[in-house]
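Student: This is the structure, below, for whatever I ask next.
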Ligand SMILES: NC(=O)c1ccc[n+]([C@@H]2O[C@H](COP(=O)([O-])OP(=O)(O)OC[C@H]3O[C@@H](n4cnc5c(N)ncnc54)[C@H](OP(=O)(O)O)[C@@H]3O)[C@@H](O)[C@H]2O)c1
């Protein structure tokens, strides 16, 4: 099948690109002008020659947010996968990318009679307190109203979001926790497993919009569990320092007068809201009746464990991944 992949340069987008190629799909990868696409042509596990790989992937440079005619030169695709995401989470960027860019992608899909639109979203939209979550939900609603069959994948925390303290712990410093480190949890998922899950959905477009929360293989891990795992793997004693999550509110309150005159400061304030959110909320399914997060109800997928991932980082077999701008430590 021919798949138009938006966000192909991102963390999950790159893994989806690789998985699409590995499964023999033809990919049209949409990238911003001047951006490089990372697909190791020498990757032996793809089992394809460089010529076969370059036949399988067509890179289209287009500025989807600025150019009305961005889709003019696109070949027709059978399916669209969007791994687009605001890199900063700042309100204006979130509107532009999470909503506007995806809306334009959907308009293309409708015009080109695309048979399936797969959207990578996030499980945290169940608690929409942040600008980027509200923009994601706005687009999810638009997608639901569209005539294009849609699958919305609401993923839990990525491995990449849980590597921020590797260097501190390696240097013998204590693992930082918010409060006790036991009040939140997630089922971390690797980029490879999530990409496999996304690509596995392509074959069967749902008749009604499907919303699929998804985590990695369980059990759910608290920050305490993650810290213990990391310290054990790096051969360090498990020592922790607890920080109050309210510290993000205090800093936000301190800089709020500047927010009245500076957009940069308002964006900083939104970042502090994002940080507080991740310090206090679980990335698991929310049970609205019981008013609690429910690890059991959070579906699991894949084989890659955080423990094996930390071990790979410790041995040098895996490289430290570039993290987004939502990094906390
Ligand atoms: N981090 C987590 O733990 C987590 C958990 C669950 C769900 N999620 C969700 O997963 C999704 C993908 O995350 P990710 O980590 O793969 O994102 P990412 O690495 O930040 O990649 C974002 C992608 O969107 C593109 N993009 C950003 N701004 C753009 C613009 N103005 N115009 C065109 N393209 C633009 C980027 O292109 P460039 O390379 O050109 O910037 C990149 O390809 C997000 O929706 C996120 O909310 C994240």
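Student: What is the one condition in (1) at pLDDT 95 or above; (2) near the ligand (Cβ under 10 Å from one of its atoms); (3) out of contact with any strand residue (DSSP E or B) (no Cβ under 9 Å at 6 or more places or on another chain) that residue 138 does not satisfy?
Tutor: It fails just one condition, (2).
Student: Taking segment 4-32 only, how many residues are within 15 Å of the ligand (Cβ to nearest atom) and in a strand (DSSP E or B)? Please lay out each step first, then the result.
Tutor: First, the residues of segment 4-32 that are within 15 Å of the ligand (Cβ to nearest atom): 4-20, 27-32.
Retained after the next criterion (residues that are in a strand (DSSP E or B)): 4-6, 27-31.
Here the count works out to 8.
Student: Output the residue which, of all residues in segment 72-91 that are away from the ligand (no atom under 16 Å from the Cβ) and either assigned to a loop (DSSP other than H, G, I, E, B) or within 25 Å of residue 267 (Cα to Cα) (or both), is modelled with the lowest pLDDT. Step through it out loud before you land on a result.
Tutor: First pass over segment 72-91, keeping only residues away from the ligand (no atom under 16 Å from the Cβ): 72-73, 75-79.
Remaining after also requiring either assigned to a loop (DSSP other than H, G, I, E, B) or within 25 Å of residue 267 (Cα to Cα) (or both): 72-73, 75-78.
On the way: 72: 87, 73: 82, 75: 89, 76: 90, 77: 96, 78: 97.
It comes out as 73.
Student: Which fully enclosed strands (runs of 3 or more DSSP E) of segment 158-250 have 3 or more residues being within 13 Å of the ligand (Cβ to nearest atom) and surrounded by fewer than 20 Cβ atoms within 10 Å (Cβ to Cβ)? Even if it seems obvious, please write down each step before you answer.
Tutor: Values: elements: 175-178, 210-214, 240-243.
Correct list: empty, since no element meets the threshold.
Student: Can you find, within segment 114-124, the residue that is farthest from the ligand (Cβ to nearest atom) among those that are outside any loop (DSSP other than H, G, I, E, B) and over 12 Å from the mean Cα position of the chain (by Cα)? Walk me through it before giving the result.
Tutor: Here is the first cut: in segment 114-124, the residues outside any loop (DSSP other than H, G, I, E, B) are 116-124.
With the extra rule that they be over 12 Å from the mean Cα position of the chain (by Cα), the set shrinks to 116-118.
Details: 116: 18, 117: 14, 118: 12 Å.
Filtering first and then ranking leaves 116.
Student: Step by step: first the residues of segment 298-329, then only those that are at pLDDT 95 or above and part of a loop (DSSP other than H, G, I, E, B), then the one that is farthest from the ligand (Cβ to nearest atom). Which residue is that?
Tutor: 303
Student: Here's a follow-up. Taking the condition of being surrounded by fewer than 18 Cβ atoms within 10 Å (Cβ to Cβ) and touching a residue at least 12 places away in the same chain (Cβ under 8 Å), how many residues in segment 68-87 meet it?
Tutor: Residues of segment 68-87 that are surrounded by fewer than 18 Cβ atoms within 10 Å (Cβ to Cβ), as a first pass: 68-69, 72-76, 78, 87.
Applying the additional criterion that residues be touching a residue at least 12 places away in the same chain (Cβ under 8 Å) yields 73-76, 78, 87.
Count: 6.
The values are calculated or read from the model by the stated rules, or taken from the named source; none is laboratory data. This one's a predicted model, so the numbers in the text were calculated from it and none came from an experiment. Don't worry about glycine lacking a Cβ; one is built from the backbone with ideal geometry, like all the others, and counts go over all protein chains shown.
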